[in-house]
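What follows is a single structure, written as structure tokens, with notes after it.
Readers should treat all values here as calculations from the given coordinates under stated rules, not as data from a laboratory. Quantities reported herein were computed from a predicted structural model and do not represent experimental measurements. Here the Cβ is made from the backbone with ideal geometry for all residues, glycine too, and neighbour counts use every protein chain on show.
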Amino acid sequence: MPDPDPVRDYAQADRHCLVTGANRGLGLEFVRQLLARRAHVVAACRHPGRATALNALAGEHPGRLHVLPLDVANARSRAELLRELPLVLDGARIGLLVNNAGVLHGGERFGQVAEADLETSLRTNAIGPFLLTQALAPLLADAEGARPGAVVANMSSEIGSIAGRREFRTPSYAMGKAAQNMGTALLAKALEPRGIAVVALHPGWVSTDMGGPKAPLSPADAVSALLQVLDGVRPEHSGRFLDGQGRQLPW
């Protein structure tokens, strides 16, 4: 497990965080807890006007939370976010990027898996986060002296572990997350010269809209654990697949 490092502090006044899929579930909880750490947060979601809880948080944290539209699977939407971000960041760099936006098609059965669902999962869970990170790379903070570089956290799932597959389950989601994991490994190599770490995270089974009410983990507990893991991530951990206890998972 990466050791917590007090040098890495997402609450520094000149550090900004960007969270995608921020209107509910884990994304919304990341926003809450990062704000509690006194971080500046850009929260991106597809329909900001409908994001009631997120907009309420923006009212409670004026100047520290900006809500922007983003459909991570849409090239035009990604480009629009990229145009707006410099105005919001006001010269600052992004210290933490949480690629959280994702999609899960439930109830899939072998013989009835739809091509459209596979395509949607790949675009949203893998292609979108990869291209967004690539586009945002110039805005990510470089390592400088003892100061760590940015961290890119791709919200993955143990379901995307090829070595860990024991049953036929949620194939579109599993394939999307497996592809995302490869994106994590490639981005880690691309950003390594700048001291920027890229990791894939498995949050566990969380009681969100996606995880369902039977899940044993609350979003608050899951995000708290993941932030502790991220606090300890350093460049030498880049390219790893970690769970909420910081344990390395098989690809």
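Separation of region 18-81 from region 214-251 is 21 Å, based on Cα centroids. Every helix of 4 or more DSSP H residues in the chain counts as -39500 (n - 2.57), and over all residues that averages to -10500 deg cm²/dmol at 222 nm. In plain terms, the residue of Arg194, Arg169 with the fewest other Cβ atoms within 10 Å comes first and the most crowded comes last, giving Arg169, Arg194. As a rough footprinting exposure proxy, the listed residues Phe168, Phe130 were ranked by other beta carbons within 10 Å of their own, and the order from fewest upward is Phe168, Phe130. Summing charges over neighbours of Asn74, with a neighbour being any other residue whose Cβ is under 13 Å away from its Cβ, gives +2 when K and R count +1 and D and E count -1.
Based only on Cα atoms, what mean projected area does the convex hull of the chain have, in nm²? Walk me through the numbers before you get to the answer.
Details: hull surface 51.2 nm².
Result: 12.8 nm².
Helix 25-36 and the long axis of the chain differ in direction by around 20°, with both axes built from C-alpha atoms. Scanning residues 5 or more positions from Val67 or on other chains, those with amide H under 5 Å from its amide H are Ala43, with H placed 1.01 Å from N in the peptide plane. Between Arg247 and Glu60, the simple label model (points 7 Å from Cα in the Cβ direction) yields a spacing of 3.3 nm.
Using the Cβ-Cβ distance between Asn74 and Ala185 with R0 set to 35 Å, the FRET efficiency works out to roughly 0.90. Each of Leu249, Leu87 has some number of other Cβ atoms within 10 Å of its Cβ, and from fewest to most they run Leu87, Leu249.
For region 44-163, the relative contact order is 26 percent, taking Cα pairs closer than 8 Å that sit 6 or more residues apart in sequence and dividing their mean separation by the residue count. The 3J(HN,Hα) values that the Karplus relation (6.51, -1.76, 1.60; θ = phi - 60°) gives for region 231-246 are, in residue order, 4, x, 6, 10, x, 5, 8, 4, x, 9, 10, 10, 9, x, 9, x Hz. Gly and Pro appear as x.
Considering only the other residues whose Cβ falls under 13 Å of the Cβ of Leu187, what net charge follows from Lys and Arg at +1 and Asp and Glu at -1? Please list the in-between numbers first.
Working: positive: Lys189, Arg194, Arg240; negative: Glu192.
Summing Lys and Arg as +1 and Asp and Glu as -1 gives +2.
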